[in-house]
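Reviewing the structure listed below.
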Amino acid sequence: MQYEYIELIVEENVGRLTLDRPEKRNAIVPELALEVTDALERIEDDVRAVVLEGKGSAFCAGMDLEKRFYETRQEGPRAFYEAGRKTGTMFTTLFDYNRPVVAKIDGWTFGAGYCLQAVCDFAITTEESVFGLSEINFGIIPGGGAMWAAVNTMNRRKALYYTSTGESFTGAEAEEIGAVTEAVPEDDLDDAVENLVNSLVEKNPVAMQFNTAVLERVRYMDFHEALDYERGKSEEMKYYQQDEWVDEGIGQFKEREYKPGLEAYDEQSEESS
Ligand code: COA
C-alpha cells in the first residue's frame, strides 16, 4: 500500500509512524485509518516499539468533520458505517498491538484524536498541548471509542466534566488527571519519548507483549479470576519465550550479574526477539 496520509520509518527496532496531514491538523479520514492499520500490521514482527506522532501543530484533531462526518452522511448509511468501521479497526489494532506504542503528542488532540492516544500504551505530551473531548460542541456525544477513552484515562467526575462541557485542557492538566503518562516541557519531548522507548525495547519482548494484554484483561476481573488468569497466561508466556526468563533472567541473577530491582537482564538470545 502506498501511503498518502502517513509517513512510516523503521529505525533499528523502532517503528516511527507520523500522521501526515498537517494542513487539516491530522484529522482522520477513512484512508488515513486504513494506512495506519496497514503500517502497524506490516511492521509488527520487525519492531519492538512504535512511536506514533502527528506532523505540524496537531497530534490529531479528531475525525474529519467534513469528509468523515458530513460527506459520508450524504452518501448514506452504508458509507457512514464503513467509514466508522475503518477508524474502529485502527483503534482496535493499536489497542491489541503486540508491541508497545508510545503516542508522542505535541499539539491539538481532540475527540477521536483523544481516543487515538488513549488506545496507545503510553502517551508523552508537551505541557502546552491542548486536549479536548469536544463532541458536545458540535452537538453529539463522544462516540467511536472516545467515550471509552474518557472514562478509561480519567476518573468519572473528570470524564463527565470534559465530555459535558467540551472544555479543553492542557498537557500539564492531562498529566495531573492521569489522562497521559507524562507531560514535559516542549524542549524535553524528544528525550522523554526516546528514554521510554529505550527502556521498552530492552525488555523481553514476549513478556512485554503479555504484560499489556494481561493487564487490560485483569482490570475487569475479581481477584480470584485474576489470580487464575494470570497464572495461566504466565505459563503460556513462559512456554512461548522458551523459558528465557529462567535461563537468562534468573540465570544472570544467580551469577550476580545484575540487580533485577534496578535494571533488566542482558538479553543474549537472538531467538527471543
Ligand atoms: N475535521 C476537518 N477539518 C479540520 C479538523 C477536523 N477535525 N480540524 C481542523 N480542520 C481543518 C480546518 O477546517 C482548516 O481547514 P481549512 O484550511 O480548509 O480552512 C484546517 O484544518 C486548519 O484548521 P484551523 O482551525 O484553521 O487551525 P487552528 O490551528 O487555528 O485550530 C483546532 C486547530 C484543532 C483548534 C481547530 O481546527 C478545531 O477546532 N478543529 C476541530 C477539533 C474537534 O472538535 N475535533 C473533534 C472531532 S471528533
What percent does the relative contact order of the stretch 62-172 come to when contacts are Cα pairs within less than 8 Å and at least six residues apart? 24
Which helices, counted as full DSSP H runs in the chain, have an axial Cα extent of no less than 15 Å and a Kyte-Doolittle average of -1.0 or above? 30-43, 77-95, 189-201, 205-218
Quick one: among Phe59, Phe122, Phe253, which has the greatest mean-square fluctuation in a GNM of the chain with alpha-carbon springs under 10 angstrom? Phe253
What is the fewest-to-most order of Met237, Met1, Met63 by other Cβ atoms lying within 10 Å of their Cβ? Met1, Met237, Met63
Quick one: which residues, 5 or more positions from Ala123 or on another chain, have an amide H under 5 Å from its amide H? H modelled 1.01 Å from N in the peptide plane, none for Pro or chain starts. Ala103, Thr181, Glu182
For Gln117, the net charge from surrounding residues (Cβ-Cβ under 12 Å; K, R +1; D, E -1) works out to -2
Suppose we flag trypsin sites (Lys or Arg not before Pro) only when DSSP calls them loop and at most 12 other Cβ atoms lie within 10 Å. Which is the longest uninterrupted stretch of the chain? 1-218
Once normalised by the length of the chain, the mean sequence separation of its alpha carbon contacts under 8 Å that are 6 or more apart gives a contact order in percent of 14
By Cβ neighbour count within 10 Å, fewest first, Ile28, Ile141 rank Ile141, Ile28
Label-point separation, Glu66 to Phe80 (7 Å along Cα→Cβ), nm: 2.0
Could you work out which residue, out of Val201, Val151, Val51, moves most in a Gaussian network model of the chain, that is, has the largest mean-square fluctuation with Cα springs under 10 Å? Val151
Using Cβ counts within 10 Å as a stand-in for footprinting exposure, how do Cys60, Cys120 rank, fewest first? Cys120, Cys60
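Every number in this text was worked out from the coordinates using simple rules, so none of it is lab data. Not measured: the values here are computed from a predicted model. Heads up, the Cβs are rebuilt from the backbone with ideal geometry, glycines too, and the neighbour counts pull from every protein chain shown.
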